[in-house]
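The values are calculated or read from the model by the stated rules, or taken from the named source; none is laboratory data. The model shown is predicted, which means the values in this text are computed figures rather than measured ones. Don't worry about glycine lacking a Cβ; one is built from the backbone with ideal geometry, like all the others, and counts go over all protein chains shown.
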Amino acid sequence: MPKSTTSKGGKSPTATDAEMAKKAADVAATRDAAKRITGASVVIFDTTLRDGEQCPGATMTFEEKLEVADFLEEMGVDIIEAGFPIASDGDFEAVTAIAKRLKKSVVCGLSRAGMKDIDRAGEAVKHAARPRIHTFISTSSIHIKHKLMKTEDEVLGMIADQCARARNWCDDVEWSAEDATRTDIEYLIRCVDTAIKAGATTINLPDTVGYTTPEEYEHMFRTIREQVANSDKAVFSVHCHNDLGMAVANSLAGLRGGARQIECTINGIGERAGNAALEEVVMAIKTRPDVLPYVTGIKHEMLNRASKLVSAATSFPVQYNKAIVGRNAFAHESGIHQDGMIKNATTYEIMTPESVGVSKTSLVMGKHSGRNAFRAKLKDMGYELGDNQLEDAFTRFKALADRKKHVYDEDIEALVDENIANAHDRTKVVALTVIAGTMGPQSATLTLDTDGTHTTTQSIGNGPVDAIFNAIHKLVPHEAKLDLYQVHAVTEGTDAQAEVSVRLTDPVEGKSVTAKAADPDTLVASAKAYIMALNKLQSKRGRLHSQAVG
């Protein structure tokens with residue numbers, strides 16, 4: 001056993017006491033050092049509308065982008081990257097509209113190093129109360145050689161030119177070193193120094209391919225800030241992808257290295273494996289101030305609602321065990337866990353459900369429930385619907401309650417998410433009758449409503465789902481390829497709603513969209529999901545190319 005020591009007061013502390021005292025001192029030193037380096041405030045830069053929308057199948061309509069932007073500003077997001085203006089006319093229009101609309105958040109447009117890109121971004125964000133241009137170029141040797149096909153000195157010249165050009169449009173210029181974590185550190189120092197001298201006010205060093213580790217990322221920021229002479233003239237930013245599952249950990253490590261801005265997305269959506277999840281970053285900072293001595297301006301009670309809004313807009317479901325906002329994040333099934341929760345919730349919950357906008361209150365909903373109870377239930381679940389949306393959702397809820405013995409929270413969630421997702425759809429399912437069984441062929445009679453006009457057709461197929469999709473193809477001719485058809489039950493029981501996910505790809509543009517719909521009848525849910533996906537795909541192209549036939 002270790003020897004005990006005697007204090008002046010005569011008490012002999014144990015080794016555990018000494019270890020705890022040392023740990024507390026180390027934590028305090030870490031906190032004080034971090035505050036000296038970075039200050040307490042961390043800027044939250046949300047790129048759900050740009051990097052998040054680049055996730056295959058996660059395309060949002062113009063109206064959905066405006067709704068998400070409004071919510072992000074209300075939630076306290078400091079900077080909203082509204083899109084990539086030169087990518088398409090639709091992106092330019094969305095960024096312009098958001099720039100004109102928002103009053104508090106910085107509105108940012110992304111651009112590559114080309115002058116046309118930068119000018120297009122400048123045109124889009126110039127209407128904002130607080131505009132920013134975010135311009136980037138690759139700096140790693142593998143990108144410079146194989147993608148840019150330039151020399152390092154040529155890239156340095158491009159950095160100076162792009163930052164100066166962006167600065168002509170606005171005073172707030174962010175420059176990013178694409179693939180920074182695979183860039184030679186000495187060359188990266190030269191790039192950062194060049195960008196700051198040319199007018200960049202924020203320096204973003206992204207882990208573009210999700211390659212780095214927390215220790216490496218922290219060291220990179222610390223080294224850059226120490227060795228770039230004018231580093232104090234810029235805010236440093238992290239942007240981490242989740243290819244190895246370390247995006248949030250790396251982002252927080254960047255703060256320890258001196259970064260003061262975190263770039264992230266709602267639900268962690270984004271290219272490939274996604275980005276650092278905004279809700280995880282925010283709640284990690286809030287929950288662990290002992291080792292993460294920072295603050296954000298995010299209203300964390302709105303996180304659950306933000307998650308649902310983006311999930312509905314993109315038709316990307318949130319995995320059940322997703323941290324912070326997943327359905328099981330505050331669920332306890334183990335008997336040992338339940339016993340601990342009953343005695344004291346802190347035994348197994350490190351944060352309260354209410355802190356992220358999840359209510360513990362459970363209203364039992366059924367066919368006798370009225371509008372006020374339904375409205376209250378939706379509010380408890382984090383939904384705020386307009387009068388028309390509420391009336392439509394309530395009508396569908398009553399219809400569902402007549403068909404199901406028990407209406408669970410998950411049923412209501414699926415119903416409302418679908419209602420939000422297809423609120424602006426031009427084509428909707430009106431009626432469906434399917435004849436199926438062992439004596440084929442199976443047939444489907446389908447009626448659709450397109451801009452108020454009803455059209456009906458009948459079709460056969462190799463199974464009921466095939467028959468339904470063939471009928472849809474007759475009424476809405478298209479060349480879209482079905483990449484995914486997936487069914488799962490929303491709740492338990494034989495009367496559970498089926499939730500169907502459909503992914504379609506446009507063979508011309510190569511773009512994919514995903515839509516989901518729920519209904520106690522799996523075949524009805526299948527038809528609705530397919531139609532919703534078609535609406536999203538064709539909306540992205542600007543209009544419905546198809547014409548209904550009688």
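Couple of notes before you dig in:
- At least 1 residues being closer than 24 Å to CYS55 by Cβ is the threshold, and among the strands (runs of 3 or more DSSP E) wholly inside segment 427-509 those reaching it are 481-489, 498-505.
- Qualifying helices (runs of 4 or more DSSP H) (wholly inside segment 171-260; at least 3 residues being under 25 Å from HIS146 (Cβ atoms)): 185-197, 214-227
- Selection within segment 286-301: residues that are touching a helix residue (DSSP H, G or I) at 6+ places or on another chain (Cβ under 6 Å) and farther than 12 Å from VAL42 by Cα. The member of this set that is surrounded by the most Cβ atoms within 10 Å (Cβ to Cβ) is HIS300.
- Extreme residue, farthest from the chain's Cα centre (by Cα), among residues of segment 113-134 that are farther than 15 Å from GLN162 by Cβ and among the basic types (Lys, Arg): LYS126
- Among the residues of segment 367-382, those identified as assigned to a loop (DSSP other than H, G, I, E, B) and either surrounded by fewer than 16 Cβ atoms within 10 Å (Cβ to Cβ) or modelled with pLDDT of 80 or more (or both) are LYS367, HIS368, GLY370.
- Cβ-Cβ under 9 Å pairs, at least 6 apart or on other chains, segment 236-250 side farther than 9 Å from VAL209 by Cα and in the same structural domain as GLY268 (by TED's automatic domain parsing), far side outside any strand (DSSP E or B) and among the acidic types (Asp, Glu): HIS239/ASP51; ALA247/GLU280; VAL248/GLU280; ASN250/GLU216; ASN250/GLU218
- Hits in segment 175-202 (condition: among the hydroxyl-bearing types (Ser, Thr, Tyr), crowded, with 18+ Cβ neighbours inside 10 Å and closer than 15 Å to ASP153 by Cα): THR183, THR194
- If you check LYS516, LYS511, LYS481 for being in contact with a Pro (Cβ under 9 Å, 6 or more places away or on another chain), buried (at least 22 other Cβ atoms within 10 Å of the Cβ) and not polar (S, T, N, Q), only one passes: LYS516.
- In summary, SER362 fulfils each of the numbered conditions (1) under 29 Å from GLY76 (Cα atoms); (2) loosely packed, with under 14 Cβ neighbours inside 10 Å; (3) modelled with pLDDT of 65 or more with the single exception of condition (3).
- Taken over segment 144-177, the criterion of being within 24 Å of ILE262 (Cα to Cα) and basic (Lys, Arg) is satisfied by ARG167 alone.
- Strands (runs of 3 or more DSSP E) within segment 49-151 that include 2 or more residues over 16 Å from LEU278 (Cβ atoms) and of a type in the set (Gly, Ala, Ser): 106-111
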